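Please read the structure below before turning to the comments.
What follows draws every value from the coordinates through simple rules; no lab data is involved. All figures in this text were calculated on a predicted structure; none of them were measured in a lab. In this analysis, Cβ positions are derived from the backbone assuming ideal geometry, glycine residues included, and neighbour counts consider all displayed protein chains.
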């Protein structure tokens, strides 16, 4: 007796953190650990920048098309940033779920809240990464050598606001040891994938076990 090749629904993995707390790093670690994890490609109304590719970096759409997608319920979450619209299309996520593949969202707490409240919210796993301290967070931002003192101060203020939403997440990890944090992330996903309600073939499998036993007695 063989089980289906994909016997569970895919997860919607929301990974959030303040800037500099390790979100991008751990997103790459998770996708290296399991290459089947898809990264959600956002749609945006802003024009492409040099080197950006449609469908890879973003889905570039006209503003009216974006608004139509929102009105028709085709966006899991959306927001306006500096007059441009950004959002996560629902269709590719549903396709991945049906194939038993997970989708990773690199979004903030507001976007995560919208997805948790969406029609796919039952399969959301939300994880928030905390820095070991605000001092360490600031040191990480400064070590990049990309921003002025004024920009870093703004990022730190925004980080404090983001940290205040930690209790809205299913799991919260302190990213003081990157290796340990990565192992914790893998353990969380392994457990969430095994939840009974996500095992779509279990009912049929158990019935087959019962039938197999009855045929033998």
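Worth a mention:
- For the peptides 121-128, 209-216, 154-161, the ranking by packing is 121-128, 154-161, 209-216, with the highest mean count of neighbouring Cβ atoms within 10 Å listed first.
- Pairs of alpha carbons in the stretch 1-79 separated by more than 16 Å make up 68% of all such pairs.
- Relative to the longest principal axis of the Cα atoms of the chain, the long axis of helix 134-143 lies at roughly 70 degrees.
- Cα pair count fraction exceeding 16 Å, expressed as % - the stretch 160-217: 66
- Principal semi-axes in Å for the stretch 1-133 [√(5λ), Cα gyration tensor, largest first]: 24, 20, 15
- In the chain, the longest principal axis of the Cα atoms and the axis of helix 178-193 are about 40 degrees apart.
- Separation of alpha-carbon centers, the stretch 145-217 and the stretch 16-33, rounded to whole Å: 13
- Antiparallel beta bridges, as assigned by DSSP with both residues in the chain, represent about 30 percent of the total such bridges.
- The stretch 74-150 - convex hull of the alpha-carbon atoms, volume per residue in Å³: 146
- Derived from the Cα gyration tensor, the three semi-axes of the equivalent ellipsoid of the stretch 49-205 are 29, 25, 14 Å, largest first.
- Relative contact order %, the chain, counting alpha carbon pairs below 8 Å whose residues are six or more apart: 31
- Length gained when the stretch residue 133-residue 215 is fully extended (0.36 nm per residue, less Cα-Cα span): 23.3 nm
- C-alpha long axis of helix 202-216 to longest principal axis of the chain, angle in °: 20
- Pairs of Cα atoms in the stretch 101-193 fall into 5 Å distance bins, from 0 up to the last occupied one, in shares of 2, 11, 20, 21, 20, 13, 8, 4, 1 percent.
- Among 66-75, 52-61, the peptide with the highest mean count of other Cβ atoms within 10 Å heads the list, and the full ranking is 66-75, 52-61.
- Note on the chain: helix-only mean residue ellipticity at 222 nm, from DSSP H runs of 4+ residues weighted -39500 (n - 2.57) and normalised by residue number, equals -13000 deg cm²/dmol.
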